[in-house]
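Notes follow once the structure below has been shown.
What follows draws every value from the coordinates through simple rules; no lab data is involved. Every value quoted in this text rests on a predicted model; they were computed, and no experiment measured them. Here the Cβ is made from the backbone with ideal geometry for all residues, glycine too, and neighbour counts use every protein chain on show.
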Amino acid sequence: MVAENPTWGAPRIHGELLKLGFDIAERTVSRWAKRAPRNPEHAKRWQTFLQNHREAIAAMDFFAVPTVTFGLLYCFFIIGHDRRRILHLGVTKHPTSYWVAQQLREAFPYEHGYRHLIFDHDGKFGFEVQSAIEAIGLEAVRTSVRSPWQNGIAERWVGSCRRDMLDHVIPLNERHLKRLLSEYVRTARTAKGWKVISLPRVSGLHHRYDLAA
């Protein structure tokens, strides 16, 4: 069932098994579903879709960031697949479907050239988000349940952002995190195509770094 229905989660599979007369706990189904072999054809079709429509694909996702006061902020971003450029950033304490819908309107206000928007089954991507996507003129493309690899470009950007900045800096509040992320995106974009050079100081005990063409 897992191989033939990659979008089915454990509750759906559990229900189908109950119809067939198998008395088994949903937790057991969830545990074994993770181990079930996947149909490689689904992965091939997904990769083909990403490669053939790269210039027209954008993806969105959330990730959580703890603050210095042990609060939790949610960073929302949209990334273009063509140049892997961040198209929009947003930070909030209380993410809702209404808030995400507004972020989408700000990210795609006019003719944008994108046709597909990839996102997962997060509860924050509700009815309002679906309506906003249709109004913008995009096709909603949801990934399979528990398949973060299908939104790999967004996932890799989150990993880079954490390693390069968030693992070393703890934000104070929403405004601080938004400024840090904006600077990170701007710096990463500016540095593309340049080479970092090391300039030794104090007989090599310290170094200064600069960009060279």
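Tabulated data for the structure shown
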quantity	calculated
From phi via Karplus (6.51, -1.76, 1.60), per-residue ³J(HN,Hα) for region 152-169 in Hz, x at Gly/Pro	x, 5, 5, 4, 5, 5, 4, x, 5, 4, 5, 5, 6, 9, 5, 6, 10, 10
With eigenvalues of the C-alpha gyration tensor scaled by 5 and rooted, region 52-195, Å	24, 19, 14
For region 106-163, size of Cβ-based charge dipole, Lys and Arg +1, Asp and Glu -1, in debye	400
Candidates Leu89, Leu72, Leu199, ranked by Gaussian network fluctuation over the chain, Cα under 10 Å, top entry	Leu199
Exposure proxy order (Cβ contacts within 10 Å, fewest to most) of Arg115, Arg45	Arg45, Arg115
Per-residue [θ]222 nm for the chain (sum of -39500 (n - 2.57) over DSSP H runs n ≥ 4, rounded to 500)	-11500 deg cm²/dmol
Region 1-132 - Debye-derived log10 I(q)/I(0), Cα point model, q = 0.13, 0.19, 0.21 Å⁻¹	-0.78, -1.11, -1.16
Cut-off under 5 Å, modelled amide H: who pairs with Val91 long-range	Phe76
Relative contact order [Cα under 8 Å, 6+ residues apart], the chain, whole percent	16
Rounded to 5, the percent of DSSP beta bridges in the chain classed as antiparallel	75
Under-5 Å amide H pairs with Glu139, H placed in peptide plane, nonlocal only	His116, Leu117
Cα-based helix-to-principal-axis angle, 174-191 vs the chain, degrees rounded to 10	70
Burial ordering of Phe22, Phe77, fewest other beta-carbon atoms within 10 Å first	Phe22, Phe77
Within the chain: Cβ-based charge dipole about Cα centre, in debye rounded to nearest 20 (Lys, Arg +1; Asp, Glu -1)	740
